[in-house]
1. If a residue must be under 27 Å from ARG117 (Cα atoms) and either among the small types (Gly, Ala, Ser) or part of a loop (DSSP other than H, G, I, E, B) (or both), how many such residues does the range 86-103 contain?
2. Identify all residues within the range 38-56 that are of a type in the set (A, V, I, L, M) and either within 16 Å of GLY28 (Cβ to Cβ) or exposed (fewer than 15 other Cβ atoms within 10 Å of the Cβ) (or both); write none if there are none.
3. Here are GLY83, GLY106: which of them is loosely packed, with under 15 Cβ neighbours inside 10 Å, assigned to a loop (DSSP other than H, G, I, E, B) and at pLDDT below 95?
4. Just to be sure, is VAL10 open to solvent by less than 60 Å² (accessible area, probe 1.4 Å), out of contact with any His (no Cβ under 9 Å at 6 or more places or on another chain) and closer than 25 Å to PRO116 by Cβ?
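The values are calculated or read from the model by the stated rules, or taken from the named source; none is laboratory data. As the structure is a prediction and not an experimental result, all values here were calculated from the model. All Cβ positions, even for glycine, are placed from backbone atoms using ideal geometry, and neighbour counts span all protein chains on display. Only protein heavy atoms, including side chains, enter the accessible area calculation; ligands, DNA and RNA are left aside. Shrake-Rupley method; radii C 1.70, N 1.55, O 1.52, S 1.80 Å.
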Amino acid sequence: MSDFDVRMVVLSTDDLDESIRFYSETLGLSLKFRDGAHYAALDGGSVTLALATAVDHPQPGKVVVGIKTADVDAAAKAVEDSGGAIIKGPYNDAHERRAVVYDNKGNGLVFYSPLPR
């Protein structure tokens, strides 16, 4: 498997407006999009900085790396086979196939692949 593309870092927040304001005003990151009061994506250049409340965060309270891949199921199985753990999935949500995993040291990863339209 060599089709992995690190695309985002997901941070936890308990106040989306306050976090958007902080990263916009302090670091100058522009808002790419927002999903209600629970999720926002900011332009971090080659990587998106995502802010999520517990409602939408894959592992609330942890920093999670989002990795785009063509085969979510195989990626999750490879992590599990190498000493990591599957936390949730693989499953389809409204927009993508996703699996939430821990690597072999307990770091959070989300593998995802957009669903066909």
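1. Summing the residues that are under 27 Å from ARG117 (Cα atoms) and either among the small types (Gly, Ala, Ser) or part of a loop (DSSP other than H, G, I, E, B) (or both) in the range 86-103 gives 5.
2. ALA40, ALA41, LEU42, VAL47, LEU49, LEU51, ALA54, VAL55, listed by residue number.
3. GLY106
4. No, not satisfied.
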